[in-house]
Amino acid sequence: MIVGHNALPSIGKVSADNMLFALLHNSPFFISKPPVLVAYTIVPWVGVMLLGYVIGSWFTYTRQKRDYLLLRAGVSTLILFVILRSLNIYGDPSPWSSQERGGIYTLLSFINVSKSPPSLLFLCVTLGIGCLLFVLIDRLSTGIKQVLITYGRVPFFFFILHLAVISFASFLWTYLSFGKGVNLSFMPAKDWPTGYHPSLWRAYSVWLLLIIILYLPCKWYGKYKTTSKARWLSYL
């Protein structure tokens, strides 16, 4: 599902009525009437979730054996990324190319892989780095690890809450700044307010501020989840 989904044929053209195309290839994409958002393409993401279950047993091993497996998986996956991306024949719908503006831009072209839907190369580089980061982060001080564990215990809660916060904040900020409130999370560029320009520094600042703001809610919910026996909590 992870390695082969890029070989799936494009079933028809992109249209509001082609649900199968949206589910297999196109994300995010609004389909049908009333509109339904396909936020995550089914085939590759389900494959990633199943892979998580497959490697779950690694975390029952000794730390040395677990780290060995994670390091080997991470390095192997990144090597596969470099090889496939260099060949430029499979793994991502957007080939890279040499850029006239110099080596930095060529490198950016090389690592510019598709997230929506996630290509094989996108998953190789992100999952590979993730395996390596886990080994490194596990060697941090106990205090730092506890902060990270707070978010890791309630990932779906954090996702739902952060999406609500940034959507509301985006609407409020664009309304106050440009007189037109829009949700920049889902709004195409053609509908952006006049005078608005994306900024990486603004995005990074909001990202950091959001993590800080949501720490206490995540900590509270994590504690509540461990003390409550309500069944619905297993889904959030």
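The values are calculated or read from the model by the stated rules, or taken from the named source; none is laboratory data. Fair warning: this is a prediction, and the values are worked out from it, not measured in the lab. We place every Cβ from the backbone using ideal geometry, glycine too, and count neighbours over all the protein chains shown. What goes into the accessible areas is simple: the full protein's heavy atoms, side chains included, and nothing from ligands, DNA or RNA. Shrake-Rupley method; radii C 1.70, N 1.55, O 1.52, S 1.80 Å.
With 0.36 nm allotted per residue and the present C-alpha distance subtracted, the PHE134-VAL3 stretch has 44.9 nm of extension available. Per residue, region 47-107 exposes 72 Å² of accessible surface when a 1.4 Å probe is rolled over the protein heavy atoms with every protein chain present.
Of (i) 20.5, 60; (ii) 16.9, 47; (iii) 17.5, 64, which is the value of Rg and Dmax of the Cα atoms in Å derived from the coordinates here? So the calculated entry is the one marked (i).
Extension gain, ALA203 to THR62: 0.36 nm times the residue separation minus the Cα-Cα distance gives 46.8 nm. Restriction of the trypsin sites (Lys or Arg not before Pro) in region 191-236 to DSSP coil positions whose beta-carbon has at most 12 other beta-carbons within 10 angstrom yields LYS229.
Residues considered: GLY56, GLY91, GLY130. Largest GNM mean-square fluctuation over the chain, using C-alpha springs under 10 Å, is found at GLY56.
From helices alone, the chain scores -18500 deg cm²/dmol at 222 nm; the rule is -39500 (n - 2.57) for each run of n ≥ 4 DSSP H residues, then divide by the residue total. Between GLU100 and TYR53, the simple spin-label model (points 7 angstrom out along Cα→Cβ) gives 5.2 nm. On the principal axes of its alpha-carbon atoms, region 147-187 has extents of 40, 18, 9 Å, going from largest to smallest.
Surface composition of region 58-209: carbon and sulfur atoms hold 69% of the protein heavy-atom accessible area at a 1.4 Å probe. Here is the tail figure for region 72-153: Cα pairs spaced more than 16 Å apart come to 60 percent of all pairs. Between region 79-141 and region 165-236, how many Å separate their Cα centres? Each part reduced to its Cα centre gives a spacing of 27 Å.
The mean sequence separation of alpha-carbon pairs under 8 Å and at least six residues apart, normalised by the residue count of the chain, gives a relative contact order of 15 percent. Give me the 1.4 Å probe accessible area per residue for region 194-236, excluding ligands and nucleic acids, in Å². With all protein chains present, region 194-236 gives 87 Å² per residue.
Please identify the DSSP H helices in the chain that span no less than 27 Å along the helix axis (Cα) and have a mean Kyte-Doolittle hydropathy of 1.0 or more. Qualifying helices: 155-178.
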